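Step one of this worksheet: look at the structure below.
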């Protein structure tokens, strides 16, 4: 069964890194994974309205809002349970909203550590 993942970040390098890590994971696990990227809240909400995702990984600080808006929309409007992952360099600022997320990751992180977290995510 294919995993469809929405990755949201306003830094192109972070989007490219996550996409590359998912390509590696896809090969290692022989699990089809489609990665859709968005650079801001508007693009992310449009993607969520257009399709179904098994997972959302969102930066919390975006130019037109924050990841909470995206996660709340996904949780409320997804037809199936969607795994919600926060990725932020300011975890204390979002501490009171941690319960909304299945996984809360702090930036910066080493690519190998992020990959381990992503493998656990797609396996669950």
- Message: Please go through segment 1-25 and give me each residue that is at pLDDT 95 or above, crowded, with 20+ Cβ neighbours inside 10 Å and closer than 22 Å to residue 79 by Cα, ordered by number.
- Response: 5, 6, 7, 8
- For segment 36-55, does any single residue satisfy the condition of being in contact (Cβ under 8 Å) with a residue 60 or more places away in the chain and either surrounded by fewer than 19 Cβ atoms within 10 Å (Cβ to Cβ) or not in a loop (DSSP other than H, G, I, E, B) (or both)? yes
- Message: Being in contact (Cβ under 8 Å) with a residue 12 or more places away in the chain, surrounded by 12 or more Cβ atoms within 10 Å (Cβ to Cβ) and under 12 Å from residue 6 (Cα atoms) is true for just one of 103, 84. Which residue is that?
- Response: 84
- Among the residues of segment 35-54, is any in contact with a helix residue (DSSP H, G or I) (Cβ under 8 Å, 6 or more places away or on another chain) and closer than 18 Å to residue 90 by Cβ? yes
- Can you tell me which residue in segment 87-100 is modelled with the highest pLDDT, limited to those that are in contact with a strand residue (DSSP E or B) (Cβ under 7 Å, 6 or more places away or on another chain), surrounded by 15 or more Cβ atoms within 10 Å (Cβ to Cβ) and assigned to a helix (DSSP H, G or I)? 100
- Task: Could you figure out which of (1) farther than 24 Å from residue 110 by Cβ; (2) touching a strand residue (DSSP E or B) at 6+ places or on another chain (Cβ under 9 Å); (3) part of a loop (DSSP other than H, G, I, E, B) isn't true of residue 10?
- Result: (1)
- Item | Those residues of segment 57-81 which are outside any helix (DSSP H, G or I), without any contact (Cβ under 8 Å) to a residue 40 or more places away in the chain, in contact with a strand residue (DSSP E or B) (Cβ under 9 Å, 6 or more places away or on another chain) and under 23 Å from residue 123 (Cβ atoms), in sequence order | 78
- Task: Tell me which of these residue 28 doesn't satisfy, since it passes every other one: (1) in contact (Cβ under 8 Å) with a residue 60 or more places away in the chain; (2) over 17 Å from residue 123 (Cα atoms); (3) surrounded by fewer than 16 Cβ atoms within 10 Å (Cβ to Cβ).
- Result: (2)
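The values are calculated or read from the model by the stated rules, or taken from the named source; none is laboratory data. These figures come from a predicted structure and were not determined experimentally. Here Cβ is always computed from backbone atoms with ideal geometry, including for glycine, and neighbour counts include all displayed protein chains.
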